[in-house]
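Here, each number is a calculation from the coordinates, and none is a lab measurement. Not measured: the values here are computed from a predicted model. Counting neighbours? That spans all protein chains shown, and the Cβs are built from the backbone with ideal geometry, glycine included.
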Amino acid sequence: MSDGYSRLVKKISKYNPNCDFTLLEKAYLISREAHDGQQRVSGEPFIMHPMEVANILAELELDCTAIVAGILHDTIEDTTYTYEQLKDKFGEEVALLVDGVTKLGKIPYTTKEEQQAENLRKMFLAMSKDIRVILIKLADRLHNMRTLKYMAPEKQIEKAKETLEIYAPLAHRLGISKIKWELEDLCLRYLDPKGYYDLVDKIAKKRREREAYIEQIVLTLKERIAELGIEVRLDGRPKHFYSIYRKMEQQTKTLDQIYDLFAFRIIVSSVKDCYAVLGLVHEIYKPMPGRFKDYIAMPKPNMYQSLHTTVIGPEGVPFEIQIRTWDMHRVAEVGIAAHWKYKEGSKGDSDDNKLAWLRQLLDWQKEMRDPNEFMETLKVDLFTDEVFVFTPKGDVFSLAASSTPIDFAYSIHSAIGNKMVGAKVNGKIVPIEYELKNGDIVEILTSSNVHGPSRDWLKIVKTSQARNKINQWFKKEKREENIIRGKEMIEKELKKQGLTYSQLFKPEWVEILLRKYTFNTMDDLNAAIGYGAMTANKIISRLKEEYRKTLKVEDLALQTAETVSQKPNQNRKSIPENGVVVKGIENCLVRISRCCNPVPGDDITGYITRGRGVSVHRSDCANVTNNIDGDTRLIDVDWYMANNNVSYNAEVTVLANDRTALLMEITNVIGESKIPLKAINARTTKDQIAVMNLTMEITNTEQLEKIIKKLKKVDGVFEVTRSKQ
């Protein structure tokens, strides 16, 4: 038996001596045989990977079934073994777990994003039925990240980005901090190696000094807590590298300027002891105002419980103290795994409300057919911090940070949201755009005369749960209206692209389209476009792919020639004065719009004005997206070429904490970059926030991004954005 298998048996024996070790050995032997001859990129036999995954699962103290599935997790994907064979040898439970972490195969996808989105959909669906699916996937990703050094640099960056965007937040959502921290630190090592190793080196140099400081505080606390007669485990630990790195980046500080580099953890036997120790800590050290959090009374959605307080220590250095019980500590380390205790032969608590967020995730993902939208919304939902608010009766609700009263209404019930007319926060009427804060008492005002939500709410809400419920209302209540709207949007898009309905909407092509996006009828598709679940452009692009397949070679050549003839001839003498060309029209009057000031590198669109030619806007400009006069007046435009002789005005808004010499430092940064500053407008709010609108003369977005990056590094600056109306 391999070293990996021996270590695994020892780990399991400590917490689960009743494990079926015969089944475990059978899984190991079959996995070794199935992967025989396969090697990892490192040159090691492939079997080492599933065994390391199983060892990580054993560290989370999972049951035998999950660990058997961990050993076999790559067999369906990477060997000739099938689902049916695994089911015959190990039972349906193991087979379902392995299938849940297996990527989709043999299905053609147009883009990599679409493939990734569908693989994640499949995993989340399996995860909703059995949480162990994601625990196996996290263990798989953790070992892959530990061995990422053997991959090509571009693969390292791709995997690290995906891990930081999806899997580390997932570990956080499930409360598995030990995996989350290690994943984040490993990602940082590959995404910013210079920053990572520089940080490691600086922290190592101060190690002895830090250890002496920690020892002094631990000694003081132990002595004083012993006087209370409370048994305690107390240790000091440095915060993980990624959290320090993020703080340095967000606050633009050096390591020397960050004081709370370490936290002290106090573990006691009871909740009563937690509060007793907290009182003692505040007696010994002065607490910092606004830095106390009681996650025991109000646990985080990922089940985390602890008391957090930041205090001023010896020599005026702040540090954090976390106080919790042993049960809370176990949950803090392994999260959902601590609660999902599978006894042999039972399925555990399938009605666990601790996975409510996952069920919400699955609710909205059913409605989302655009893979890019799916991925972006997923990342937002996983990353979101929480805000805790109360009903007038004192019930506590956890919502995404920056949530509005509309989000709160829909979190209570769809009917409350659909009948909402306003809200009171702390007894006062507030706008529906109001951002809820920790501790707010929220009362939703409803009326039976209201006929449903407004479409404008979709731009206001912050949670996918609220957005999904609003869309469901429009889908159900205004189906006929949505069908008509969808048809009109398709007709507009066809006209814009110079195509006809009969050219693209052939019955056999429509059948492929409906099957791909799981619609039953064309009315369902039109309704989805009408209420915003799909775009007309996406549907037409998909049908154009089928249309092109029917064209003969000479037709394609002619089509290509026509396309080329429409492009500006780079050899012609006449270069557009402002660097913009209008598709299909030469010598057209073009002007750069002042509301959004587009520059080369921006996505742009043209708007046909009355008597003033074509106005060029950024594609995300509010004046275009609101499109008062309809899509018919939009026209395709593009940048002619990179032309550094043409300059453009770009407006930037800087927000900073007001201080002496701030304006001088900002203008110096612009001057040192040799960028002409055309105008500056500055004011200070009553909260002492400096708001500066800068107009600069630049040649492209790359130059603009560089100056924005430099401005962000100015002390006190916390936001720099492109100005747009």
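By count of other Cβ within 10 Å, fewest leading, how are Val442, Val200 ordered? List each step's numbers first, then the result.
On the way: Val442 23, Val200 14.
In increasing order of surrounding Cβ atoms, one gets Val200, Val442.
Count the DSSP beta bridges whose two residues both fall in segment 199-339, then state the antiparallel fraction as a percent rounded to the nearest 5. Each step should come with its number before you reach the end.
Numbers: 17 of 23 bridges.
Given both bridge residues lie in segment 199-339, the antiparallel proportion sits at roughly 75 percent.
Round to the nearest 0.05 the FRET efficiency obtained for Lys544 and Ala226 when R0 = 60 Å and r is the Cβ-Cβ distance.
On the way: r = 76 Å, r/R0 = 1.27.
FRET efficiency, Lys544 to Ala226: 0.20.
In segment 3-198, what is the volume of the convex hull around the alpha carbon atoms, normalised per residue and reported in Å³? Kindly include the intermediate steps, with their values, before the conclusion.
Details: hull volume 26.3 nm³, N = 196.
In segment 3-198, the Cα convex hull volume per residue is 134 Å³.
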* To do: Using a cut-off of under 16 Å, list every residue of segment 386-407 whose amide N is near the label point 7 Å from the Cα of Met298 along the Cα-to-beta-carbon line.
  => 386-405
* To do: Take peptides 7-17, 526-536, 690-700 and line them up by average Cβ neighbours within 10 Å, highest first, as a rough protection proxy.
  => 526-536, 690-700, 7-17
* Asked: So if we plug the beta-carbon distance of Leu219 and His413 into 1/(1 + (r/R0)^6) with R0 = 41 Å, what FRET efficiency do we get, rounded to 0.05?
  -> 0.15
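Fewest Cβ neighbours within 10 Å first, please rank Lys180, Lys272 accordingly. It would help to have the intermediate numbers written out before the result.
Values: Lys180 24, Lys272 11.
Lowest count first: Lys272, Lys180.
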* **Most to least packed among 222-234, 318-330 [average Cβ atoms within 10 Å]** => 318-330, 222-234
* **Ile608-Ser270 pseudo-label distance in nm [points 7 Å out on the Cα-to-Cβ vector]** => 8.0 nm
* Asked: If we sort 653-659, 209-215, 390-396 on the protection proxy, mean other Cβ atoms within 10 Å, highest first, what's the order?
  -> 653-659, 209-215, 390-396
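Give the order of Lys713, Lys300 when sorted by the count of other beta carbons within 10 angstrom, beginning with the fewest.
On the way: Lys713 10, Lys300 18.
Ascending Cβ contact count within 10 Å gives the list Lys713, Lys300.
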